Amino acid sequence: MKRRDTLKSIALGSLGMATVPSTDLIAAPPEKPLVVPGGRQKSEAIRDAKLMADKFFTPQEMKTLTVLCDIILPADEKSGSASQAGVPAFIEFMVKDQPVHQIPLRGGLAWLDNESRKRFSKKFVELTKAQQIEIVDDIAYPEQAKPQFSQGVAFFNKMRDMTLTGFYTTRIGFNDLGYVGNTPNNWEGVPEEVLKQYGLSYE
Amino acid sequence: MNSYQIQETPEVFDVVIVGSGAGGGMAAYQLSKAGAKVCLLEAGGYYDPADPKYITQLKNPWESPRRGASTTRPFGDFDAAWGGWQLEGEPYSAAPGTEFHWFRSRMLGGRTNHWGRISLRFGPDDFRRGSMTGIGDDWPITYDDVSPYYDKVDKLLGIFGSKEGLRNEPDGHFLPPPKPRLHELMLKKAGKNLGIPVIPSRLAILTKAINNERGQCFYCSQCGRACQVYADFSSSSCLCKPAVKTGNTRLINGAMVREVLTDQKTGLCTGVSYVDTATLQEKTVRAKIVVVAASACESARLLLNSKSARFPNGLANSSGVIGKYLNDSTGASRSAFVPALMNRKRYNEDGVGGMHVYTPWWLDNKKLDFPRGYHIEYGGGMGMPSYGFGMGIQGMNGKYAYGDGKTQPAGGYGSRLKEDVRRFYGAYVGMAGRGEPIPLESNYCEIDPNNVDKYGIPTLRFHYKWSENEVKQAKHMQDTFEEIIHEMGGIALGSKPGKEQNYGLEAPGKIIHEIGTVRMGSDPKKSALNSFMQGHDVKNLFVVDAAPFVTQGDKNVTWTILAMSMRTSDYIIDEVKKKNL
């Protein structure tokens, strides 16, 4: 896919999710009348609206989260970045929806800033790209990481999980993956050339 | 007006039915078609998968802020079931040292809205395992008694499958089965080499239209979300609505039944009392016949709670058997990675909701150390991403070389991760055994002496433990899974669950196939219902869900609930004509 086409597909495919800054998604005015989306029960809609109106991460934390998400999934010739796919806003929602994630993520971000200050006397977002990568390289490879970075490894694993899930459950992610289902069709079996490739047949 | 006054329906219905799932829906359909005046009570709300208000089918993951995660619905945001393992204000408990998980759907059609549509007929042996093996009990009826009703259900509601001529997996009236997906062809080949049959699945999905009311499957793989063209069977779409359409069925939603009412002189049922869940008003419906189909445990609870001077142990319970012999399918599973499926060509392989092939029980238990069989269900393919997709990639991406022949350390970040997701996509298979348990008197539910729900209705307390028979069966499942995985060139994921984990045997209730709590039988001292699921003690009381079933085979029981409910409905019509009811 050409770069121009990629950008076009991002703009078209993301249905606004990518371009809306994450903070706008969070700050829904509380007096807005409740709309129950199709397929939801009222109790679910009330809960979701409340979660959307709440805010968990501070603006500073969101900045760090966003930088980290884009290190994990940057834009490349194939598809857009995690933040273009709205991943930071998704993570903000998930920590409110499943509070079990709150301490590991907030604490992990604090761990990261502390590590940055120890090494470079600055917060993570203020580091140069090379300095950021230096720290990330110490926590991104679970089988090679030194024991003193084990908490950082656990945090980065969680961030990688959330970022991948958040990215691939968007239109940008679908396009990157080549997922072409979820649409009415007529299943006629495995395509002939694929059967041939695997030496299989329908008899 | 005194607000405590109980509101009573002015008319006396021919039949009141409690519950709108497979059993209640079929009874409402069959009886109202025959001209009976029916009142159908459902504790949950109205539901129609064709109404945009309720549609979750064909939605994309980003239409859920949690991307379909299971935070509020146990099977995810897009699943059709309203309810789950816990309902607010409606608790249940388990005795110390025992465990039972109870899944309840409160909605028109009940759990038939999200089920797997796996529709397996019992075979002749499934009705007489007791006498065949010396352990467990026989049904009071045989396959020949039910077979004509299976035929009718096949034709009325639609099922696909293939004629295989297997003695204990009787063929039905099948619509064409969908062709296997790629990984299913690989499973079939592996099975052939191992002597394990892998045949087309038998699901209640319309691969061809069967009437003007219901559409044909369009292969979105989302039966669990309920179908907006009614191409899969659910009681609400295919039975309850047609029943209401006859003009003979009055459906009342939000009716949580408290008690079956009886005349203390005649000992017959006179109707039911229920709580209107919206207003908390107490109401009664009077009827000549009461049909209970609230789900196995809920039906037992209702009868046990319907105590009176004449029926001090609960209704139709002079035998004391109600609540006992509770049993759920066994379940164990394993998943695998298939390197040959890496970097697959992309195409839409959603297919129908669920597997296109399965393995029916193929061995002889006489030669094994456990007395009952199981079948195997398969999963896999290039499915739609939802919450959880891509997680744990660090457990995979260090093990397999990239296109350039080189490996990279596990974990990492950057464009490489996108490549990882793409190359591993659709390269996993899963398999799950579903087996027949031995129903035990010591596994039961009873009325909790200390607790009531928010309506003041006494709740259930469960007592359930697996026996050695089920544990050994699960061990055999695990061994078989590894054989199949190995044969198809796959790599089993995680570690094989051993004895200390009961070989991965799921906790009781988790498979949501519970049955057996209002047993049928020919001896009134040992059973609550006769062979037409009619109360031994109370002749105008019937139970038409899976509560009456003596055993469940390894055959997910919905199709048998439908056949048996239809059979009982015909019996009711007959008995009314003969003036016996």
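The values are calculated or read from the model by the stated rules, or taken from the named source; none is laboratory data. What you see is a predicted model; the values in this text were computed from it and never measured. We place every Cβ from the backbone using ideal geometry, glycine too, and count neighbours over all the protein chains shown. With ligands, DNA and RNA removed, areas are computed over all heavy atoms of the protein, side chains included. Shrake-Rupley method; radii C 1.70, N 1.55, O 1.52, S 1.80 Å.
Every residue in the range A:116-145 that is outside any helix (DSSP H, G or I) and closer than 21 Å to B:Thr407 by Cβ, please. Spell out how you get there, then give the answer.
Initially, the range A:116-145 is screened for residues outside any helix (DSSP H, G or I), giving A:121-123, A:127-128, A:140-145.
Those that are outside any helix (DSSP H, G or I) and closer than 21 Å to B:Thr407 by Cβ: A:Ala140, A:Tyr141, A:Pro142, A:Glu143, A:Gln144, A:Ala145.
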Residue that is surrounded by fewer than 19 Cβ atoms within 10 Å (Cβ to Cβ), more than 26 Å from B:Arg67 (Cβ to Cβ) and among the polar types (S, T, N, Q), where the choices are A:Gln98, A:Gln60, A:Gln131: A:Gln131
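Please tell me if B:Leu440 is of a type in the set (A, V, I, L, M) and in contact (Cβ under 8 Å) with a residue 60 or more places away in the chain. Let's see the steps before the verdict.
Details: of a type in the set (A, V, I, L, M): yes; in contact (Cβ under 8 Å) with a residue 60 or more places away in the chain: yes.
Considered against the rule, which asks whether it is of a type in the set (A, V, I, L, M) and in contact (Cβ under 8 Å) with a residue 60 or more places away in the chain, B:Leu440 comes out as yes.
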Residues of the range B:433-462 classified as in contact with a Gly (Cβ under 6 Å, 6 or more places away or on another chain) and aliphatic (A, V, I, L, M), total: 1
Of all residues in the range B:31-56 being over 18 Å from B:Ile252 (Cα atoms) and buried (at least 23 other Cβ atoms within 10 Å of the Cβ), the one that is farthest from the other protein chains (Cβ to nearest Cβ): B:Tyr54
Failed condition for A:Gly80, given (1) assigned to a loop (DSSP other than H, G, I, E, B); (2) at the interface with another protein chain (Cβ under 10 Å from one of its Cβ atoms): (2)
Residues being open to solvent by 30 Å² or more (accessible area, probe 1.4 Å) and free of Cβ contacts under 8 Å to residues at least 24 places away in the same chain - total across the range B:60-87: 7
Members of the range A:101-121 that are touching a residue at least 24 places away in the same chain (Cβ under 8 Å) and closer than 21 Å to B:Pro65 by Cα: A:His101, A:Gln102, A:Pro104, A:Leu105, A:Arg106
Whichever residue in the range B:390-428 is touching a Phe, Trp or Tyr at 6+ places or on another chain (Cβ under 7 Å) and in contact (Cβ under 8 Å) with a residue 24 or more places away in the chain and, among such residues, is most open to solvent (accessible area, probe 1.4 Å): B:Tyr428
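Only one of A:Thr183, A:Thr165 is within 8 Å of another protein chain (Cβ to nearest Cβ) and open to solvent by less than 10 Å² (accessible area, probe 1.4 Å). Can you tell me which?
Values: A:Thr183 fails: open to solvent by less than 10 Å² (accessible area, probe 1.4 Å).
Of A:Thr183, A:Thr165, the one residue that is within 8 Å of another protein chain (Cβ to nearest Cβ) and open to solvent by less than 10 Å² (accessible area, probe 1.4 Å) is A:Thr165.
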The range B:86-128, residues that are more than 21 Å from B:Cys223 (Cβ to Cβ), in contact with a Gly (Cβ under 9 Å, 6 or more places away or on another chain) and part of a loop (DSSP other than H, G, I, E, B): B:Glu99, B:Phe100, B:His101, B:Trp102, B:Phe122, B:Gly123
Matching entry among B:Ala316, B:Ala287, B:Ala294 (being outside any loop (DSSP other than H, G, I, E, B) and buried (at least 21 other Cβ atoms within 10 Å of the Cβ)): B:Ala287
Residues satisfying the stated conditions in the range B:495-505, i.e. in contact with a strand residue (DSSP E or B) (Cβ under 9 Å, 6 or more places away or on another chain) and either open to solvent by 70 Å² or more (accessible area, probe 1.4 Å) or assigned to a helix (DSSP H, G or I) (or both): B:Lys496, B:Asn502, B:Tyr503, B:Gly504
In the range B:311-365, residue farthest from the chain's Cα centre (by Cα) [restricted to those that are within 14 Å of chain A (Cβ to nearest Cβ) and among the β-branched types (Val, Ile, Thr)]: B:Val338
A:Glu203, sole failed condition from (1) modelled with pLDDT of 95 or more; (2) assigned to a loop (DSSP other than H, G, I, E, B): (1)
Test: residue in the range B:204-220 that is more than 14 Å from chain A (Cβ to nearest Cβ), within 30 Å of B:Ala287 (Cα to Cα) and either open to solvent by less than 50 Å² (accessible area, probe 1.4 Å) or charged (D, E, K, R) (or both): no
Test: residue in the range B:5-22 that is surrounded by fewer than 16 Cβ atoms within 10 Å (Cβ to Cβ), assigned to a loop (DSSP other than H, G, I, E, B) and either at negative phi or within 14 Å of chain A (Cβ to nearest Cβ) (or both): yes
Search result, residues across the range A:122-149 that are in contact (Cβ under 8 Å) with a residue 12 or more places away in the chain, farther than 22 Å from A:Gln60 by Cβ and charged (D, E, K, R): A:Asp138
Boolean, B:Val257 is farther than 29 Å from B:Lys579 by Cβ, among the β-branched types (Val, Ile, Thr) and touching a residue at least 40 places away in the same chain (Cβ under 8 Å): no
In the range B:514-547, residue most open to solvent (accessible area, probe 1.4 Å) [restricted to those that are under 14 Å from B:Pro439 (Cβ atoms) and of a type in the set (D, E, K, R)]: B:Lys526
Considering residues of the range B:170-183 that are under 26 Å from B:Tyr425 (Cα atoms) and more than 9 Å from chain A (Cβ to nearest Cβ) only, the residue surrounded by the fewest Cβ atoms within 10 Å (Cβ to Cβ): B:Pro177
